[in-house]
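Bear in mind that the values in this text are calculations on the coordinates, not laboratory data. Predicted model only: the values in this text are computed from it and were never measured. Quick reminder, even Gly has a Cβ in these numbers, built from the backbone with ideal geometry, and neighbours come from all protein chains shown.
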Amino acid sequence: MNQDRTERWRQLLSSRRVGYASDRPTQDTPDERTEFDKDYDRIVFSSSFRSLHDKTQVFPLSTSDYTRTRLTHSFEASCVGRSLGQLAGQHLRKQGVEVEPPHLGTIVAAACLAHDIGNPPFGHSGEAAIQHWVEKRFREDGEARGGTKSPFATPHERQDLENFEGNAQGFRILTRLQSRTQRGGLRYTVATVGAMSKYPTPSVLPEGRARDKERIAEKKFGFFQDDAELAREAFRRLGLLEREPDVFSRHPLAFLVEAADDICYTVIDLEDSAKLGLVSLQTACELMEGVAATQPKFKPMDTQVDWESRLGVARAGAIFALIRTSVEEFAESVEKMEGGRFEQELVSVRREVGEKVKAIKRITKEKGYQSERVLQIEAAGFRTLGGLLDMFAPAVLADRPSKEEKKLRQLLPLEFLQRPGPYQEDRNRAIEPMTPYQRLLCVTDYVSGMTDGFAVELYQRLSGIKLPE
């Protein structure tokens, strides 16, 4: 047995829960679930996860009952993630590391379920809409714009929202917004939170330095300043390398979560594009079969078979090939990951596979992501989210709200104004002790948590375009 690495993995797979005191044990429950099984179940039963059923994956507000939403994508990524985790665990055991492969499978599966849970309506366009609204509304010099003073006291606070990031919102949902009055929220295990955190860094790096493009954990940021204490607590408990204050390396299992996501959106987004007629079935089949053929045992279906049946077999073969490739790369590089020295995406490490994956992503972007209908709805989503922020943000930021702002405050669900501590029944009392930055976060929590359909409906009603029935 490799004792040193086994001890390292015991720390990386810690079942301690975010928000508990360091010496407080986890609660026993009268069933056979592991702590990681409980994480998985808590995510599935959460309202934030359910809302993914009407959030854009690629094709917003699709009229087809076939295309994926964020919810189906998350379930599919979770299935792939479970396989990746279990196979990775088996390789670790072969290397003399005493781990339980099913535990790794469950952790990665749970983290995959939650990997998109912070995405706002209309996908990446929704992120851009929030970023644009903040940049337009608040000047860097702190002067009022549109009658509202800047709510930001530090560069961290400004960058948190000027570069609003769904990954950071996901961390916030798991560690704060579910069960809001309790420190740590629903208190997931630090192992699951670590595996989900692809970018365990703040929005502003020490001394304001630029992000190092060679470090995979620095491509984006993974937690807001309001949640930095919980992030620091979780990542230090896992023993992640802290290169600089609050700048951590990735958890090794985060590479598997990223791989599961990459595998699914590479293969599945192409399939959705083909089903909607944006890419020909023949082209989709040939691209997927090219990936599947990197595994020697793959046999494509006879060319006389209908294209849809052939596409299903090609999809399964491509996913299997990418799983195998990713696990093999993980096994070869895991010791570097343990020390924070690995900086690549598993799916693209091998050139032969990486080039085929790039080809699929390129055609899906050209034919699917940039199709006329998608662009039209994303543009409408931009207006929708900006409009909702225009309404709710001034109402919450105002110390002396107007009559209209008071009505909008009443429309903001009370749960979004709760902080750790006693439950507040009065909205004004809940808002009063918060900093302007924290108040604005309450609004982005609300707006980013909406489904595509609800955001459009609410914006139309509050704008007078459509009255309540």
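Relative to the current alpha-carbon distance between K297 and R324, full extension at 0.36 nm per residue lengthens the span by 8.5 nm. The chymotrypsin sites (Phe, Trp or Tyr not before Pro) found in segment 370-469 that occupy coil by DSSP, while having at most 16 further C-beta atoms within 10 Å, are Y423.
Arranged from highest to lowest average of other beta-carbon atoms within 10 Å per residue, in what order do the peptides 315-321, 361-367 appear? Please list the in-between numbers first.
Numbers: 315-321: 21.6, 361-367: 16.3.
Output ranking for 315-321, 361-367: 315-321, 361-367.
Neighbour counting of Cβ atoms within 10 Å sorts the residues R429, R237, R93, fewest neighbours leading, into R429, R93, R237. The Cβ shell under 13 Å around T325 holds other residues with a net charge of -3, Lys and Arg each +1, Asp and Glu each -1. Label positions at A228 and Q131, each projected 7 Å from the Cα along the C-beta direction, are separated by 2.1 nm.
Using the structure shown, list the pairs from K55/K361; K94/K365; K299/K365 with a Cα-Cα distance above 31 Å, or answer none. Walk me through the intermediate numbers first.
On the way: K55/K361 21 Å; K94/K365 40 Å; K299/K365 28 Å.
Distance filter (> 31 Å) returns K94/K365.
By the count of other C-beta atoms within 10 Å, a proxy for reagent exposure, T294, T192, T6, T444 are ordered fewest to most as T6, T294, T444, T192. Over the chain, dividing the summed -39,500 (n - 2.57) contributions of all DSSP H runs of at least 4 residues by the number of residues returns a 222 nm mean residue ellipticity of -17500 deg cm²/dmol. Exposure proxy ranking for D390, D212, based on other Cβ atoms within 10 angstrom of each Cβ and starting from the fewest, stands as D212, D390. Placing unit charges on the Cβ atoms only, positive for Lys and Arg and negative for Asp and Glu, gives the chain a dipole magnitude near 460 debye about its Cα centre. Placing R0 at 30 angstrom, the Cβ-Cβ distance between E457 and K361 gives a FRET efficiency of 0.35 after rounding to 0.05.
Each label was represented as a point 7 Å from its Cα along the Cα-to-Cβ direction; for K403 and A379 these points are 3.8 nm apart.
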